[in-house]
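Worksheet for the structure shown next.
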Amino acid sequence: MADILIIAAHPDLAQSRVTQALLAAAQKLAPQRLALRDLYRLYPDYAIDVAAEQAALTPARLLVLVHPLQWYSMPGLLKIWLDEVLRFGWAYGPGGQALQGKDLWLATSTGGSAESYAETGHNRHTLDTFLLPYAQSARLCGLRFLPPWVLHGAHRVSDAEIEQHARGFAERLLSYPGWCAGLPGEPPPEIPLDARPALFSPIGGTS
């Protein structure tokens with residue numbers, strides 16, 4: 001049974017160099033360990049099947065998010081997926097233990113160079129600063145957030161560099177969990193029942 005679930009979120013996968021290469025390498029090298037969900041193919045109408053996504057998450061030991069960095073964050077459909085699938089009472093909060101003890105790994109690419117992600121660079125902050133929401137979301141759900149797999153300057157790198165980057169990604173998947181066995185994790189925080197987020201009301205408003 002596949003113990004690694006890849007959630008791919010690229011709004012135009014056919015035009016992608018990096019995301020396509022990562023997915024192809026992973027499926028070639030480690031198909032027996034992988035389940036893949038391409039969100040933009042599954043949900044072109046952005047209507048997430050929450051039950052199906054939660055069912056896909058349940059057997060996985062490693063959840064891998066694969067997407068380009070867009071406006072210093074994730075593509076819009078992945079944010080909807082996060083909002084709707086990782087629900088209070090299921091993924092976090094009282095009774096929300098469905099993901100505890102699993103690992104979360106981000107594989108992303110940026111248009112900017114590595115040097116641009118520094119206090120003195122064009123983006124004024126390190127990449128880790130922009131990825132804090134990922135790390136905290138993982139902690140909230142009891143997931144261990146693994147060091148991200150990042151390719152900077154994706155528009156300028158050669159095909160050979162992308163191929164090497166994709167091969168390294170697939171090899172990490174194949175050798176999981178050995179390569180991250182010694183990495184630390186954090187226990188999830190205590191969340192009181194009255195900390196439940198606002199929900200949509202039956203008439204379509206928000207509380």
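Bear in mind these aren't lab numbers, they're just calculated from the coordinates by the rules spelled out. Quantities reported herein were computed from a predicted structural model and do not represent experimental measurements. FYI the Cβ positions are ideal-geometry reconstructions off the backbone, even for glycines, and counts take in every protein chain you see.
The residues neighbouring A98, those whose beta-carbon lies less than 12 Å from its own, together hold a net charge of +1 under the Lys/Arg +1, Asp/Glu -1 convention. Which percent, nearest 5, of DSSP beta bridges in region 4-195 are antiparallel? In region 4-195, DSSP labels about 5 percent of beta bridges as antiparallel. Basic side chains Lys and Arg get +1 at the Cβ, acidic Asp and Glu get -1 at the Cβ, and with that the dipole of region 4-195 about its Cα centre reaches some 400 debye.
For D128 and E161, FRET efficiency with R0 = 30 Å and r from the beta-carbon atoms, rounded to 0.05? Display every interim value, and only then the final one.
Numbers: r = 23 Å, r/R0 = 0.75.
E between E161 and D128, to the nearest 0.05, is 0.85.
If you average the alpha carbon positions of region 163-186 and of region 125-156, how far apart do those two centres end up, in angstrom? Computed from Cα coordinates, the inter-centre distance equals 15 Å.
Once you list every other residue whose beta carbon is under 13 Å from the beta carbon of P187, what net charge do they have if Lys and Arg are +1 and Asp and Glu are -1?
On the way: positive: R139, R144; negative: E186, E190.
Every neighbour counted, the sum reads 0.
The peptide list 115-123, 147-155, put in order of mean Cβ contacts within 10 Å with the highest first, becomes 147-155, 115-123.
Y72 to E119: extension gain in nm, 0.36 nm per residue of separation minus the Cα-Cα distance?
On the way: separation 47, 0.36 × 47 = 16.92 nm, distance 1.50 nm.
Length gained, Y72 through E119: 15.4 nm.
Electrostatic bookkeeping for A21 treats Lys and Arg as +1 and Asp and Glu as -1; over the other residues with beta carbon under 14 Å from its beta carbon, the sum is -1.
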